[in-house]
1. Scan the range 19-44 and report the pairs whose first residue is in contact (Cβ under 8 Å) with a residue 60 or more places away in the chain and closer than 16 Å to Leu158 by Cβ and whose second residue is among the polar types (S, T, N, Q) and surrounded by fewer than 18 Cβ atoms within 10 Å (Cβ to Cβ), with Cβ atoms within less than 8 Å and a gap of 6+ or a chain change.
2. What number of residues in the range 172-190 are over 30 Å from Gly94 (Cα atoms) and touching a Phe, Trp or Tyr at 6+ places or on another chain (Cβ under 8 Å)?
3. Could you please let me know if Thr104 is of a type in the set (Val, Ile, Thr), out of contact with any Asp or Glu (no Cβ under 9 Å at 6 or more places or on another chain) and without any contact (Cβ under 8 Å) to a residue 40 or more places away in the chain?
4. Which condition from (1) under 22 Å from Ser17 (Cβ atoms); (2) of a type outside the set (Asp, Glu); (3) crowded, with 16+ Cβ neighbours inside 10 Å is the one that Gly167 breaks?
5. Taking the range 54-78, which residues are surrounded by fewer than 18 Cβ atoms within 10 Å (Cβ to Cβ) and in contact with a Ser or Thr (Cβ under 9 Å, 6 or more places away or on another chain)?
6. Got a sec? Which of Gly26, Gly72, Gly108 is touching a Cys at 6+ places or on another chain (Cβ under 8 Å), of a type outside the set (D, E, K, R) and under 22 Å from His176 (Cβ atoms)?
7. For Ser96, state whether it is surrounded by fewer than 19 Cβ atoms within 10 Å (Cβ to Cβ), over 19 Å from Leu132 (Cβ atoms) and under 18 Å from the mean Cα position of the chain (by Cα).
8. Where in the range 134-190 are there strands (runs of 3 or more DSSP E), lying fully within it, with 1 or more residues that are farther than 27 Å from Glu83 by Cα, within 17 Å of the chain's Cα centre (by Cα) and aromatic (Phe, Trp, Tyr)?
Amino acid sequence: MTVPKLIPGAAEYEPFSQGSLSRLCGLYSILNAVQLGLYPHRLAPAQRKRLFIAAVGHLGHKGLLENVLGVGMEEDIWLGLAEAVGKHVEHRFGVSFGLRKVITGEAGSNRRQALKSVATAIERRRPVLVYLGGALDHYTVICGVAGERLLLFDSEGLKWLAINGVGLGQASRRRHWIAAESTYALIRRS
């Protein structure tokens, strides 16, 4: 993983950023992945606002907003939100997105293969939505690989993680870990 790779738009766009008290990193990770997935279309400020309102509206309509504010969201809520945001984007922009698990098969129990699967998704220009357990407890978007770093398009302003500090699964002794079942590529269908 030494050749620098970066998803188009990651250098040009600014990620949505979250407030320090909201714990809505799951929501922002979805918005940030969609923003990259829409490249080369740059969202105007009004479009960014509508996208955010649609995401918050979904959580409110489902009666989940109060539960996730200040606490964070479980994976099933995160995936349901991604689906709802995808429908909004398809309606507004005529672009269809889906999520596909990145780490499958043997890679699910092999750290090196898991990280290679992430790098392959990046090579295919697919933002990778991931839950980072360990020190961060944070949903984010991996947008690139450069040398020994995973590059992030992140709502808290994080720019990168050292690959050596990223393990696979909750039992990992590394500072951060990713779960195979919670790592998805955003796939543009149309």
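The values are calculated or read from the model by the stated rules, or taken from the named source; none is laboratory data. Keep in mind it's a predicted model, so treat the numbers as computed, not measured. Note: ideal-geometry Cβ built from the backbone for every residue, glycine included; neighbour counts use all protein chains shown.
1. Tyr28/Ser17
2. Counting residues in the range 172-190 that are over 30 Å from Gly94 (Cα atoms) and touching a Phe, Trp or Tyr at 6+ places or on another chain (Cβ under 8 Å) gives 2.
3. no
4. (1)
5. Correct list: Leu69, Gly70, Glu75.
6. Gly72
7. Spelling it out, Ser96 is indeed surrounded by fewer than 19 Cβ atoms within 10 Å (Cβ to Cβ), over 19 Å from Leu132 (Cβ atoms) and under 18 Å from the mean Cα position of the chain (by Cα).
8. Passing ranges: none, list empty.
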